[in-house]
Amino acid sequence: MIKFTLLFLNKVSFMNSSLSDSSVWSEALFGGIELGDKRLTKRLVQIGNQLSSWSGSSLSQSSLGDEALVEGGYRILRNHRVKASQIASGGYDVTGQLAKSHELLLAIEDATSLVYSHELSKQLGYTSNNPHAKAKGYQVHSTILMDAATEKTIGLIAQNRWCRNSTAYGKVPKEINAPIKIKKVINGSKIPMNWNSDFQKKWPTLYRYVIGMLMFMNIFNIKRNIINVLWLGLVIIAGLMASQGCYSLIYQSSLF
């Protein structure tokens, strides 16, 4: 932990100013990861440097014909002592440290597919509407942090990777029919996950308007606090009026 802290302090000023030097970026991100052997950590930093310098390229392509780099890269991938979770956690730690210096952060989430067509891809999951397609791969859901004021990317803070099971193709997961769960972070604390379930049971009409307001704000990317407050106020008033027997009038003028 001491090693990581010292390394982070040495590199954080650079990472806050520029990401143009891929070697320094890779050293700051992966240099503090303990893999049980300094040579493995050094190799990991080298791979990070290669892949970030040639974004979108494969490991062999980023080695620019250097067979030693290619073999060294595949050797660390085949090493059972090196776990993907170790590498990911090390990167998340750096992002978390960098995030502390920013007042307001946005957590941006997105999902994508990584598709492969070589022989080993048969062991992976389907990524299209055809579960029998030859090309298989992973589903990846990533979350990055961004400074809300400067729109500067801080780094990757979470990532989930999984393979779809072809035997479950066409079947509706139980989670699809589960109640909608809304997560919101206020001052670093999470609202209990069952809050909306209780809210929906006690005030079903008002609940619909609140959900509609949240969806509207999300679709139109409303950011200013004053607009948020005004919308919330209108939604609450509409919900209260509806609960007192004015449902038909409010329904005609609602977002639905």
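Per-residue answers, yes or no, for (1) loosely packed, with under 11 Cβ neighbours inside 10 Å; (2) more than 23 Å from the chain's Cα centre (by Cα); (3) at pLDDT below 90:
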residue	(1), (2), (3)
Met15	no, no, yes
Asp21	no, yes, yes
Gly31	no, no, no
Leu44	no, no, no
Ser53	no, no, yes
Leu59	no, yes, yes
Tyr92	no, no, no
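Entry remark, the stretch 64-116: residues being outside any helix (DSSP H, G or I) and within 18 Å of Val140 (Cα to Cα) number 11 in total. Looking only at the stretch 97-125, residues that are surrounded by fewer than 14 Cβ atoms within 10 Å (Cβ to Cβ) and within 30 Å of Gly36 (Cα to Cα) come to 4 in all.
The values are calculated or read from the model by the stated rules, or taken from the named source; none is laboratory data. Everything numeric here is computed off the predicted structure, so don't read it as measured data. For neighbour counting, all protein chains shown are included, and Cβ atoms are generated from backbone atoms with ideal geometry for every residue, glycine included.
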